[in-house]
Amino acid sequence: MSPGRRLLKYAALALGVALVLGVGLFAYRAFWLTSTASWPAKTFAPDAWRAAAPGQRHVFWKDLDGRRVLVGLTRAEVERLLGAPEYDRGSYVLYVVKEPDPRELSFNFWYALQVEFDATGKVTRALARHD
């Protein structure tokens with residue numbers, strides 16, 4: 001194989017490796033770093049929740065979800081724990097928990113805690129929702 005052909009072969013290989021690494025880094029930043037799985041975890045405490053800025057409350061999500069803190073509570077009980085929701089849609093309410101960080105590449109603009117109520121007014125589930 002001639003030296004020029006060998007150089008072309010290695011250049012193509014290097015370009016391929018760079019492309020795979022670039023796509024992998026993009027996917028890591030865009031999907032993993034902004035997923036709920038990558039969020040830090042703090043123990044939920046009503047005072048800490050209410051003291052946190054709406055875009056910084058995501059740190060309590062794992063504890064709220066893992067211990068199912070809200071399931072079975074009434075709307076009034078939820079509001080005593082979390083305060084007034086940012087959005088009230090009748091059968092569910094939304095609390096903003098994470099806003100976009102300009103340092104993060106994300107396909108999701110914001111995340112919210114969606115608290116759903118049944119016909120009796122009790123929480124049936126709470127989930128993290130993104131735009």
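Key figures for this structure:
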item	result
Long-range neighbours under 7 Å by Cβ, at least six apart or interchain, first residue under 15 Å from W49 (Cα atoms) within the range 64-81, second assigned to a helix (DSSP H, G or I)	L70/L64; L70/V78; L81/P46
Residues of the range 78-101 that turn out to be more than 15 Å from the chain's Cα centre (by Cα) and either at pLDDT below 90 or of a type in the set (S, T, Y) (or both), as a count	3
Residues (aliphatic (A, V, I, L, M), surrounded by 13 or more Cβ atoms within 10 Å (Cβ to Cβ) and more than 21 Å from the chain's Cα centre (by Cα)) located in the range 54-77	L73
When residues of the range 20-53 are limited to those that are surrounded by 15 or more Cβ atoms within 10 Å (Cβ to Cβ), out of contact with any Lys or Arg (no Cβ under 8 Å at 6 or more places or on another chain) and modelled with pLDDT of 85 or more, the one nearest to G83 (Cα to Cα)	A52
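The values are calculated or read from the model by the stated rules, or taken from the named source; none is laboratory data. Owing to the predicted nature of the structure, the values given are computational and were not obtained by experimental measurement. Cβ atoms come from the backbone with ideal geometry, glycine included; neighbour counts cover every protein chain shown.
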